[in-house]
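Below: one structure, written as structure tokens.
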Amino acid sequence: MPRPELVVALDFQTGAEALDMARALSSLAAPGQPGLWMKVGLELFVAEGPSVLRELKRMGFKVFLDLKFLDIPNTVRGAVRSAVKSGADMLNIHAAGGLDMAGIAAAARDEAFAELGGVGARPLLLAVTVLTSMQDVDNPILRGRPASEVALELARQSREAGLDGVVCSGQEAARVKQACGPDFVCLTPGIRVPDPDDAVPGDDQRRVMTPEAAVAAGADFLVVGRPITRAPRDKGGPAAAARGILERMARAAASAGR
């Protein structure tokens, strides 16, 4: 199982803010450093479009385009092709779209990658299972079923459709790996540090996990936003926070034999 990688969520309203944060973290993307991914989500992409992906890649970052495509299969096909051609190194669809949509998305990713020359790593295509903001209690979307059960079912469906992995809570990662195989990618949001002094105002994540626990569960990518991007300057700011999380991930991976 490969060593886990860190993805920083650039949840900003403008490209200027996002790129300022990326510059603050650029030392970690330099040759010989652990490396970082940057996540571009709905808010930033709607504001700035594909240009922000190109700027981040120019700085040396890999980019996860987190738009959770969910539409009729032909529309998703076009969106996936555009995302790959815009430079996304990883992107996602919503597993709720079903097998047909997922299979067409996987084929569209392959087509677009081939049209770009097929050089380098093929972009990863993941499916969102159950959002980490959701809990089992009183959630009509889950229809009374545990979130972990729904996530596992959607993960199996995604593997059948030819996707590379899923976005899931760290609480589901170990079961997903067991059911879908060690090479099936688990990207885990909702990563939180245990120090109560590091709590972030406005936190809407519910099914959360520490970096160590997520790595031990088998997560391949850990998504961290506010604990890095809002890290206090008197504690070294975002770069120090990111480096600290990377160090914790490395220790946990070594302990797990990864």
field: One residue from Ala105, Ala47, Ala79 being in contact (Cβ under 8 Å) with a residue 40 or more places away in the chain and either surrounded by 14 or more Cβ atoms within 10 Å (Cβ to Cβ) or more than 24 Å from Glu153 (Cα to Cα) (or both)
entry: Ala105
task: Considering only the stretch 127-150, state which residues are modelled with pLDDT under 55 and either part of a loop (DSSP other than H, G, I, E, B) or closer than 16 Å to Leu99 by Cβ (or both).
output: Met134, Asp136, Val137, Asp138, Asn139
task: Evaluate the stretch 44-57: report whether one residue or more is part of a loop (DSSP other than H, G, I, E, B), among the hydrophobic types (A, V, I, L, M, F, W, C) and either closer than 23 Å to Ala107 by Cα or within 19 Å of the chain's Cα centre (by Cα) (or both).
output: no
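What do you reckon, is Gly98 in a loop (DSSP other than H, G, I, E, B), surrounded by fewer than 23 Cβ atoms within 10 Å (Cβ to Cβ) and either among the aliphatic types (A, V, I, L, M) or on the phi > 0 side of the Ramachandran plot (or both)?
So Gly98 does not fit the description; no.
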query: What residue, among those in the stretch 58-76 that are in a helix (DSSP H, G or I) and surrounded by fewer than 20 Cβ atoms within 10 Å (Cβ to Cβ), is modelled with the lowest pLDDT?
result: Arg58
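The values are calculated or read from the model by the stated rules, or taken from the named source; none is laboratory data. Just so it is clear, the structure is predicted and the values come from calculations on it, not from any experiment. Counting neighbours? That spans all protein chains shown, and the Cβs are built from the backbone with ideal geometry, glycine included.
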